[in-house]
Amino acid sequence: MRRLLAWAQKNERHLGGIVFVAGFVTDLLTFTLLDISFVNLFFIAYLTLAAVCTFGSHVLFARRHEGQSPWEQGLAVLFSLGGQYAIGGILSGCLIFYTKSAVLSVSWPFIILLALVFIGNEYFRKYREHLIFQTVLFFFALYAYAIFALPIYLHIIGPWTFVGSTLAAVALFAGFLYLLWRTGAARLSESIRPVVMSAAGIVLVVSGAYATGVVPPIPLTLKEGGIYHGLARSGMNYVLQAEEVPPWWDIRPVTVHLTAGSTAYAYGAVFAPIRFSTSVVHHWERYDAKAKKWVDEGHITFPISGGRAEGYRGYSLKENLTPGKWRVSVETLQGQTIGRIPFTVERVSSPPPLHEEIR
């Protein structure tokens, strides 16, 4: 065991890179396949491991002047690797889930922030023994998890849920700092000011991102959406009248061929966890080419409930759309964008060939 610990200490830098990649691959294989309740357990395990490793590193570092045995030196290496794996796992998991719930044209600043922190955890691992670096990364991971988890526990989403997530993260972090102070007051006193200021800065940045709608409305996700010529309810299914679907590699907005006075239906399925209740908005917008901006064309609000794997289905409709670029943004009541359905309207004299799709 001593030889193994000595080898780990000697090759810690290479092992750190392996652990970093292993954590990311683990998240890719689990967070994209597992049910959201199991994903939540993974997040809790990661946070627990990160807290234990950060606390253990702090205790060992505070006792370094007393002289460390080979076992303590080995534990220091294991705590460092374990903390890096756990923080990397939380950040990569959040990056995966926030990206799934994000419209990149809206939420790209927040996604880039997550990606930079995730990469920074690897790039700056030489600062693994710096308490400021460890604790600030831990708080960021804890905050990102709280924003994800509290709506799942409360079964609602909104400003007060976000405020609750912020207060919960701050309270838990304050308790963690108190525990560090009880076991190594001298070391924490040297770092407490930059730690608190950094945490406050994170709260301000993330709160500002939420207020401007940049933070994705996790855990809500637009599973599918499209524009159709007709829609009817048949038992538990929707029967949709659709044009031919473009090939998968064509990423351009679909073109909808409409006759004068015809109706277009925006259909979407929004995934939400079980027992989750909220309302969503279909926000219709038309692009004004002369003014070079999107013009509001109406909002349609309806309630949804969670639990259906394929998402809660809903639709809105609009008559006599003018030719040009359009989009329907599926939003929360607070204006966060869950998903977006872009399309182009082209006026035709006769209806195009249609086929039925069952949803």
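The values are calculated or read from the model by the stated rules, or taken from the named source; none is laboratory data. Small disclaimer: the values here were computed from a predicted structure and weren't measured. Here Cβ is always computed from backbone atoms with ideal geometry, including for glycine, and neighbour counts include all displayed protein chains. Just the protein is used for accessible areas: all its heavy atoms, side chains included, with ligands, DNA and RNA removed. Shrake-Rupley method; radii C 1.70, N 1.55, O 1.52, S 1.80 Å.
Quick notes on this structure:
- Here the peptides 48-55, 35-42 are ranked by packing, the mean other Cβ count within 10 Å, and the order with the highest first is 48-55, 35-42.
- Fully extending the segment from GLU346 to ALA289 would add 19.0 nm, taking 0.36 nm per residue of separation and subtracting the current Cα-Cα distance.
- Viscosity 0.890 mPa s, 25 °C: Kirkwood-radius Stokes-Einstein D of the range 274-339 over Cα pairs, µm²/s: 185
- Loop-resident GluC sites (Glu not before Pro) (DSSP state other than H, G, I, E or B) in the range 172-265 with no more than 14 further Cβ atoms inside 10 Å of their Cβ: GLU244.
- Cα-centre dipole for the range 177-299 with unit charges at Cβ (Lys and Arg positive, Asp and Glu negative), debye to 20: 560
- Inter-label distance for SER279 and THR48, nm, one decimal - labels placed 7 Å from Cα along Cα-to-Cβ: 4.0
- Dimensions in Å of the range 248-359 - Rg and Dmax from alpha carbons: 15.3, 47
- Accessible surface of SER305 - all protein chains present, 1.4 Å probe, nearest 10 Å²: 50
- Protein-only accessible surface order, largest first, of ASP288, ASP296 at 1.4 Å: ASP296, ASP288
- Going by accessible surface with a 1.4 Å probe and the largest first, ARG275, ARG308 read ARG275, ARG308.
- Radius of gyration and Dmax over the Cα atoms of the range 142-188, both given in Å: 13.6, 42
- For the residues VAL163, VAL214, VAL280, a 1.4 Å probe over the protein chains yields an accessible-area ranking, largest first, of VAL163, VAL214, VAL280.
- Relative contact order for the range 208-359, counting Cα pairs under 8 Å that sit 6 or more residues apart, in percent: 33
- Chain lengthening between TRP181 and LEU78 when straightened (0.36 nm per residue, less Cα-Cα): 34.9 nm
- If the chain linking LEU317 and GLU224 were pulled fully straight, counting 0.36 nm for each residue of separation and taking away their Cα-Cα distance, it would gain 31.8 nm.
- Within the shell defined by Cβ-Cβ distances under 11 Å, the residues around VAL270 carry a net charge of 0, with Lys and Arg each +1 and Asp and Glu each -1.
- By the Kirkwood approach, averaging reciprocal distances over each pair of separate Cα atoms, the range 101-248 gets a hydrodynamic radius of 18.4 Å.
- Model label sites at ILE132 and VAL239, defined 7 Å from Cα along the beta-carbon direction, differ in position by 6.7 nm.
- The distance between label points at GLN334 and ILE300 comes to 2.6 nm (points 7 Å beyond Cα on the Cα→Cβ vector).
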